[in-house]
Every structure is written in C-alpha cells, then in structure tokens.
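The next block holds one structure in the form of structure tokens; read it before the comments.
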Amino acid sequence: MLFRILALCGLLVLGITLNLCLGDVFFTPAQALNALAHPHAQTEAIAGLHDIIWQIRLPRLLIAVLVGVALSVSGFILQALSRNQLADPYLTGVSSGAGLAIAAAMFFQLDFAAIPLAAFLGGLIASTIVALMSRSPSGLSVTRLLLSGVGLSAICGAFITLILTNSPSLAQTQGLFFWLAGGIAGRTWSELGPASCYTAAGLLIALLMSKQLRLLTLGAQSAQALGLDVARAQWILLSAAVLLCGAAVSVSGLVGFVGLIAPHVSRRLFLQDERVQLICTASIGVVMVLFSDLAARTLGQGQELPLGTLLSLIGGPFFLLLVCRQKGENL
Amino acid sequence: MNSEQLIAENLTVGFGKEPVISGVNIVLAAGQIVVLVGPNGAGKSTLVKTLARQLTPISGTVMLNGTAIWQMTPAKFASAVAYVPQSLEPAQQLTVEEIVMLGRNPHQPWWQWYGSEKDKEAVERALNATHMASHRKKYLSQLSGGERQRASIATALAQEPSFMLLDEPTSHLDFRHQLDLVSLLKQLKANGIGCLIVLHDLNLIARLADTIVLLRSGDQRTGTVAMVGAPDSVLTRDNLLSVFDVDLQIFKDPVSGELFYNPTHRQP
C-alpha cells in the first residue's frame, strides 16, 4: 500500500516536472524551478524563457491539474451515488449540454472568450433538467437519472450534428470539433479563476460528505434507516458533481474517460476509506491528464492532438488490463 | 420501565394509491415483542417499511412517543427506531466493522467521520451479541446470507434504539443462529427494547411473542388485520385454518409444556 502511494506521488511529481520542461522550448528542471521561484524576470536575457513558464506552461499545468481533479472526483461521487461503476460525469447531461452550448455559441459567432461561460451554463442547464426528471418522493431515482441522462445526451448530440453539418465555414467546423474532442491548449490565467473556485468547492463538499457517500453505497433504503436524509444528501452531492464536471468542461471541452477510470483505478489499488480514496482518485485523475496533455503537445509534430482521444488511447489499455485481472471478483 | 411507545393508528399503506393493507392498529410498547404473522402478500413487509418511515402511508398515522414520525428528522427517528430489512444490499468494499459503525450515524453529528470511544464500545457490543466479532474484518461480499443477516442485525443494535423492526430476521439463519437470535431478542426485551418482528415459524413465534398480529390477505388483494392477541388465543387451529387455509396439529410438549405446531395439509 505504501509503495503504491509513493509510486502515485512519484508519478505526480514526474508529470508536473515534465509538463513544465517539455514542449517546443526545452527547460532543465533547474531552469524551470528557477523561473518559478522568481515571478519577475531579473534580466532581459531570460525574460522570454521566463514568460514561457509563467504565461504558457504554468497556467496550462494548473488547468490540467484542475481538469484531472474535477473530472475524477465528479466521477467518484456519481459512481457512489448511482452505485454503478459505469457511471461517469457525462451521464448527468453536463457534457452534452455543454457541447450543445459550445456549438450554438460558435454557430452564432459569439466571442471566443464567452465559450467557457457558455459551456458551463449549458452543462448546468442540461444537468438540472436531468436531475429534475429523476426526482422521486424518496430523493433521486438513480435509474431515471441514468436513463434521462442518456436520452438528453442523444437529443443534444443530434443538435450538435445538425449544427456541424449546417456550419457555414470549415474553420468553424474545425474549431467546434476541437472543443468536442477536448483539449487545454492555449488556456490562460483568466480561465483558471472561476473554474478553480468551483473545483475547490466541489472537492471540499465531497471530502466533508464522505460518510454520507459511504452510507449511500448501502442503498437509499439502508441509508435512510441509518438516519441519513437521503434526498438532501443526494442533491448536495449531485450538485457538487455537476459543478465539478461543469468547471472541467468549461476549460477543457469534452475530455472523456478520466471520470470513469480514475475512481475505478483508485478503488482497485487503494482499498481505504472514502477520504483516502477521494485524494487518490483526484491524484490519479491529475496524473492521467498531465501525461496525456504532455503527449498531446509533444507527439503531434507541430499540431496538437486531441487530449480526450489520447486519454482513451493511454488509459484504455491500462483499464482493460485491470478489468482482466479482476476475474472472479465482484465486478 | 419507561412509557415509550410506537403506535400505528388506522393505517392504510401501499405503493402509490394502491392499498396493500388497510385498517391497521398496532401498539408497540417498550420491552414488548410483537410478531406479525400472515400469508405471503398480506402486506407484512409493506407495513414494517411504513413503520420504519421508509414509505408514506396512504392514510392513518404512526406516532413515536406522541410525535408523528414524519415530523421527525431521519437522524432523530433512526436514533430511536432501527429497521432490519429482509436482506442487506451487498455494499462494495465495506467490512463488517465499518458497516456496523455506520449504525452509529444517527448519534453522530453529520461531519463526524471517526467513531468516538462510545461508538466503538457500542459496535463491540453489537458484534459480540450477534457472534460477528470474528468476522469483523471481512468484506460484506465475502459473507454468506446468514452472516450478512447477522451483520445487518448488528448494525441495528449499534444504533442503540428503543425499538427494533425486524423483517424476517431468521430467513437466512441456520437453526443454531435462529436459537441465538431468539435469546438475543429475549435479552433485548429484558433491556426494555420493543421489537416488532415478521416471522413465519409458528414454533419460534409461540416462544417469542407477547402479542401476535395475525394478518389476512383480503378481497381484491388488500390485506387486513384478522386478529390481535396473545399467542395462545391467536395461534389456534381454527384461526390459522381460516387465514392460511392450512390444517395443523397442535400438541403440548410433555416436559416443558410448550406448544408445538405442525402444519399437516392444505385445505382446498
């Protein structure tokens, strides 16, 4: 167990270091550290390099961390809420709503800076519709949540395709495609602010309510018998999950897979109480996004590869390996 | 002896607007064992779920010490009334000890995660009372049906309630653990805890019950209460024949004087 935790920490440090050092311009770890230690460049000579770290690499690194934390914790909450290991953040309709909002924003040629906000709002609206549809007298009906999420996603997906096929310009289609494929290229400090507030709030709620999460894994009936206000706990946790996922989507577009895999890997590798698992889940999510983003900007030879696609390519085989090794257990 | 009571008044319960059982009056007092008996589909489990605050009644009320249970918070209710469902859903990755500790939830503030000394003592007592102490580190998914049932009872005991509602608590237990449960229930009764139990085994019922509520599945499938009373007045050949359509022999053990019930054949 200790070895696994140390290995995870090692991967985190390695991922962060590589993300700061590698790219079109190469830094040694010492140079990167030096630039980080001095927010204002001391000489003209290193000002350019300094700017690369402070204006490009660091915000991108922090956004990768944020996306990793937000998606994985959101997935963790939803898997516990639905008691289903296949649940992922996008089942709540967040992704499809956000995707549709992005498509609409591009179609109506809104300012590029407005897209994160549009994505966030679109995600919130869609997941609110899904959540309202899955209301039941005793709280949330998980089955209806999953079903209405799938239904709404199909409708939004259809609209996105309609917009894509009727798009007047190729550039617009391409821009939209890159948002839908997910990626964090060219993100700046200004996009980090709001999203990090939502992520911090969601993570805090999840940590504070870890006992309630554990009670809910017993099923709504047993949880209520043990004195949990099931409906209230479900609504608070669902809101946290939606905020987290909405925050991620608003800065990264539709990055899949992390929310599904990170909680799963964490459960397999770290049999511990929910708080430890939450932290491990978040760390695994961060590691996944860091390495995938690294691959996205270094393997593409001048062109960025879509982050979501790379995540599936790297995470997928690992996930399948884990599933195969679990034969016979309660999967 | 305190005067705590869980009372069902003129209760009609069911799913949606469809009544499953109607016109139920039950008084469960401290230190009393009330047993619900009746054929499949008479509404026993639905009734227990309603008393456990899991279902809203169609009409009528359930009062706990003079307060309608729907006006209490879930935690307040759960600190006084524990519910043991027919089967515990197998949760992922929780050990017996962790599940039983969740029984302390109604006594803890919402943010408290780790059990206090008092919580740990209650968990220890519950594990010992159900002979689950040696299984404490096992995951629920590794347990047999009977062990899972005992873990569920242990969780309810850790709640340290005044009343316990048990839905067929012996259904997965071998006869040794059935006997253990009978003595546990008698112990709870001696400690002033009121128990409402759904049971099918007439011989167990006769040894346990202070009061028997005999249910009948009525016309249009809505159940009713056929009779309420002490075991020897309710568990008669005629009553059981009329509710279950089954004839039985009842004989007395010459040594202990206890009655034995032997269902013989079904009446057409």
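Read the figures in this text as sums done on the coordinates, not as results from a lab. Computed from a prediction, not measured in an experiment: that's the story for all the values here. So basically every Cβ, Gly included, is an ideal-geometry build from the backbone, and we count neighbours across all protein chains shown.
Suppose we look only past 20 Å in the calculated P(r) of the range A:90-176. What percent of the Cα-Cα pairs does that tail hold?
Here the long-distance tail beyond 20 Å is 38 percent of all Cα pairs in the range A:90-176.
Along Cα→Cβ, 7 Å out, is where each label goes; now give me the distance between the ones at A:Ala171 and A:Thr143 in nm to one decimal.
Result: 5.1 nm between the two label points.
Take the Cβ-Cβ distance between A:Arg83 and B:Val246 as r, set R0 to 41 Å, and report the resulting FRET efficiency rounded to the nearest 0.05.
My answer for the efficiency is 0.55.
Mind checking the angle between helix B:175-190 and chain B's longest principal axis? C-alpha axes, 0 to 90 degrees, to the nearest 10.
80 degrees
Taking Cα atoms, how many degrees apart are the long axis of helix B:117-129 and the longest axis of chain B, rounded to 10 and kept between 0 and 90?
Once rounded, the angle reads 40 degrees.
Compute, for the range A:63-325, the length of the dipole vector about the Cα centre, with Cβ point charges of +1 (Lys, Arg) and -1 (Asp, Glu) only. Units Debye, rounded to 20.
In total the dipole reaches around 620 debye.
On average, how much area does the Cα convex hull of the range A:156-274 cover when viewed from any direction, in nm²?
10.1 nm²
With chain B treated as a Gaussian network of Cα nodes joined by springs under 10 Å, which of B:Val246, B:Val84, B:Val20 yields the largest mean-square fluctuation?
Result: B:Val246 has the largest fluctuation of those listed.
Nearest 0.05, what FRET efficiency do B:Ser141 and A:Ala47 give at R0 = 60 Å with Cβ-Cβ as r?
For B:Ser141 and A:Ala47, the calculated efficiency is 0.50.
Rounded, prolate or oblate: which fits the range B:186-262 when a ≥ b ≥ c are the square roots of the eigenvalues of the alpha-carbon gyration tensor, with rounded for a/c under 1.5 and prolate only if a/b beats b/c?
Because a/c hits 1.5 or more and a/b fails to exceed b/c, the range B:186-262 counts as oblate.
Using all Cα-Cα distances in the range B:109-268, what percent lands in each 5 angstrom bin from 0 up to the longest?
2, 7, 14, 17, 17, 14, 11, 8, 6, 3, 2, 0
Rounded to the nearest whole Å³, what is the per residue volume of the convex hull around the Cα atoms of chain B?
Cα-based convex hull of chain B, divided per residue, equals 146 Å³.
Treat every Asp and Glu Cβ in the protein assembly as shown as -1 and every Lys and Arg Cβ as +1, leave all other atoms uncharged, and give the resulting dipole magnitude about the Cα centre to the nearest 20 debye.
300 debye
Largest first and in whole Å, what are the equivalent-ellipsoid semi-axes of the range B:1-89 based on the Cα gyration tensor, each being the root of 5 times an eigenvalue?
They are 20, 15, 14 Å, listed from largest to smallest.
With θ set to phi - 60° and the Karplus curve 6.51 cos²θ - 1.76 cosθ + 1.60, what are the ³J(HN,Hα) couplings of the range A:273-282 in order, to the nearest whole Hz, using x for Gly and Pro?
Ordered by residue, 3J(HN,Hα) equals 6, 4, 5, 4, 5, 4, 5, 5, 4, 4 Hz.
Go ahead and set up a Gaussian network model of chain A, Cα springs under 10 Å, then flag whichever of A:His50, A:His40, A:His264 fluctuates most.
A:His40
So if I restrict to the alpha-carbon atoms in the range B:132-215, what is the Rg, and what is Dmax, the biggest pairwise distance, in Å?
Over the range B:132-215's Cα set, Rg and Dmax evaluate to 13.1, 40 Å.
Along the principal axes of its C-alpha atoms, what lengths does the range A:63-325 span, in descending order and rounded to whole Å?
Principal-axis extents of the Cα atoms in the range A:63-325, largest first: 58, 37, 35 Å.
³J(HN,Hα) across the range B:63-70 via Karplus (A = 6.51, B = -1.76, C = 1.60, θ = phi - 60°), whole Hz, x for Gly/Pro?
Taking θ as phi minus 60°, the curve returns 10, 10, 6, x, 10, 5, 5, 6 Hz for the range B:63-70.
Of B:Lys44/B:Lys120; B:Lys137/B:Lys186; A:Lys211/B:Lys137; B:Lys120/B:Lys189, which sit over 25 Å apart, Cα to Cα?
Result: B:Lys44/B:Lys120; B:Lys137/B:Lys186 exceed 25 Å.
Taking the dipole about the Cα centre of the protein assembly as shown, with the C-beta of Lys and Arg at +1 and of Asp and Glu at -1, give me whichever of A:Gly93, B:Leu94, B:Gln5 is farthest to the positive side.
B:Leu94
Give the Cα extents of the range A:1-112 along the principal axes, in whole Å, largest first.
Sorted largest first, the three principal extents are 54, 52, 21 Å.
Can you give me the long-range amide H partners of B:Gln32? Hydrogens built in the peptide plane at 1.01 Å from N, cutoff under 5 Å, separation of 5 or more residues or another chain.
Counting only residues 5 or more places away or on other chains, the set is B:Gly194, B:Cys195.
Determine Rg/Rh for the range A:149-210; Rg is computed over alpha-carbon atoms and Rh is the Kirkwood hydrodynamic estimate from the same atoms.
1.14
Counting residues in the protein assembly as shown as N, plug N into 2.2 N^0.38 Å and put the Cα Rg over that result.
1.19
Please name whichever of B:Thr155, A:Leu49, A:Ser148 sits farthest to the positive end of the charge dipole of the protein assembly as shown, dipole taken about the Cα centre and charges placed at Cβ: Lys and Arg +1, Asp and Glu -1.
After comparing all options, I get A:Leu49.
Rounded, prolate or oblate: which fits the range A:67-215 when a ≥ b ≥ c are the square roots of the eigenvalues of the alpha-carbon gyration tensor, with rounded for a/c under 1.5 and prolate only if a/b beats b/c?
Because a/c hits 1.5 or more and a/b fails to exceed b/c, the range A:67-215 counts as oblate.
Straight-line reach from B:Lys49: which aspartates and glutamates have Cα under 14 Å away, leaving out those fewer than 8 places along the same chain?
B:Asp167, B:Glu168
How far, in degrees from 0 to 90, does helix A:189-208 lean away from the longest principal axis of the Cα atoms of chain A, to the nearest 10?
30 degrees
Using label points projected 7 Å from each Cα along Cα→Cβ, tell me how many nm separate B:Met63 and A:Ile5, to one decimal.
Distance between the two pseudo-spin positions: 5.4 nm.
For the range B:91-147, what does the alpha-carbon gyration tensor say about shape, rounded, prolate or oblate, given a ≥ b ≥ c as the root eigenvalues, a/c under 1.5 as rounded, and a/b over b/c as prolate?
oblate
Among the aspartates and glutamates, which fall within straight-line cross-link reach of B:Lys76, defined as a Cα-Cα distance under 19 Å, with same-chain neighbours fewer than 8 residues apart omitted?
A:Asp229, B:Glu4, B:Asp119, B:Glu160
Taking springs between alpha-carbon atoms closer than 10 angstrom, which of A:Val289, A:Val142, A:Val255 fluctuates most in the Gaussian network model of chain A?
So, out of A:Val289, A:Val142, A:Val255, the one fluctuating most is A:Val142.
What ranking do A:276-282, B:63-69 get when scored by the average of other Cβ atoms within 10 Å per residue, highest first?
The peptides rank, most packed first, as A:276-282, B:63-69.
With θ taken as phi - 60° and the coefficients 6.51, -1.76 and 1.60, list the Karplus ³J(HN,Hα) couplings across the range A:144-159 in order, rounded to whole Hz; mark glycine and proline as x.
Once θ is set to phi - 60°, the couplings for the range A:144-159 become 5, 4, 5, 5, 5, x, 5, x, 5, 4, 5, 5, 4, x, 5, 5 Hz.
Once you charge only the Cβ atoms, +1 for Lys and Arg and -1 for Asp and Glu, what is the size of the charge dipole of the range A:155-283 about its Cα centre, to the nearest 20 debye?
Result for the range A:155-283 is approximately 220 debye, rounded to the nearest 20.
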